[in-house]
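Note sheet for the following structure.
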Amino acid sequence: MKKEITFTMIKPFAVERQHVGQIIEAILEHGFRISALKMLKLTKIEAEAFYEIHRGRPFFDDLVQFMSSGPIVAAILEKDNAVEDYRKLIGNTDPSKAESGTIRHMFGSSIQKNAVHGSDSPENAIIESGFFFNQLERF
Ligand code: CMP
């Protein structure tokens, strides 16, 4: 049976702070297989499209500005129960509420600069993975 996938992005602040290696290490240590990986800088239009669901929220413009402010690292992660397990590993959206040992607790500094994004459902994981990776980039 094919394992579930989830999609993650290491956000600009965490990339700038050189936390990519430690975050990837935590992901691998927790049993995820990386089936796609790339570093890129989103345009504002691309960040708006990715976060379209949040359009109209008070934080939308700042979120788009921030997510297009510097390079991000995007990845598809594979594992049984990947979506739920990855959400546990990254912790609460707000790093100050995230449990100790979670990625957001260790590397996040605010709700916006919360180190990583993780898909909230298997359906969105498929949509988000397709947004960043074509078939030739997935292994
Ligand atoms: P992410 O998992 O990438 O999904 C949407 C993002 O919007 C979220 O992480 C946060 O970085 C951001 N976000 C969610 N709620 C707020 C908020 N109340 N204020 C600022 N940013 C938020």
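The values are calculated or read from the model by the stated rules, or taken from the named source; none is laboratory data. As the structure is a prediction and not an experimental result, all values here were calculated from the model. Every residue, glycine as well, gets a Cβ built from its backbone with ideal geometry; the counts of neighbours run over all protein chains shown. SASA here: full protein model, heavy atoms, side chains in, ligands and nucleic acids out. Shrake-Rupley method; radii C 1.70, N 1.55, O 1.52, S 1.80 Å.
Within the stretch 4-15, being closer than 21 Å to PHE66 by Cα and either of a type in the set (A, V, I, L, M) or surrounded by fewer than 19 Cβ atoms within 10 Å (Cβ to Cβ) (or both) holds for MET9, ILE10, ALA14, VAL15. Consider the stretch 16-37 and keep the residues that are over 22 Å from GLU137 (Cβ atoms) and part of a loop (DSSP other than H, G, I, E, B). The one that is most open to solvent (accessible area, probe 1.4 Å) is GLN18. Condition first: within 17 Å of ALA14 (Cβ to Cβ) and out of contact with any Leu (no Cβ under 9 Å at 6 or more places or on another chain). Now tell me which residues in the stretch 38-58 satisfy that. Across the stretch 38-58, the qualifying residues are LYS38, MET39, LEU40, LYS41, LEU42. For the stretch 38-45, the criterion of being among the hydroxyl-bearing types (Ser, Thr, Tyr) and either open to solvent by 40 Å² or more (accessible area, probe 1.4 Å) or over 24 Å from ASP85 (Cβ atoms) (or both) is met by at least one residue. Of the residues contained in the stretch 92-115, one or more are found to be within 27 Å of LYS3 (Cα to Cα), among the hydroxyl-bearing types (Ser, Thr, Tyr) and touching a helix residue (DSSP H, G or I) at 6+ places or on another chain (Cβ under 7 Å).
Of the residues making up the stretch 46-59, those that are surrounded by fewer than 13 Cβ atoms within 10 Å (Cβ to Cβ) and charged (D, E, K, R) are GLU52, ARG55, ARG57.
Only residues that are of a type outside the set (Lys, Arg) and within 11 Å of the ligand (Cβ to nearest atom): list them for the stretch 110-132, please. SER110, ILE111, GLN112, ASN114, ALA115, VAL116, HIS117, GLY118, SER119, ASP120, ASN124, GLU128 - these are the residues of the stretch 110-132 that are of a type outside the set (Lys, Arg) and within 11 Å of the ligand (Cβ to nearest atom).
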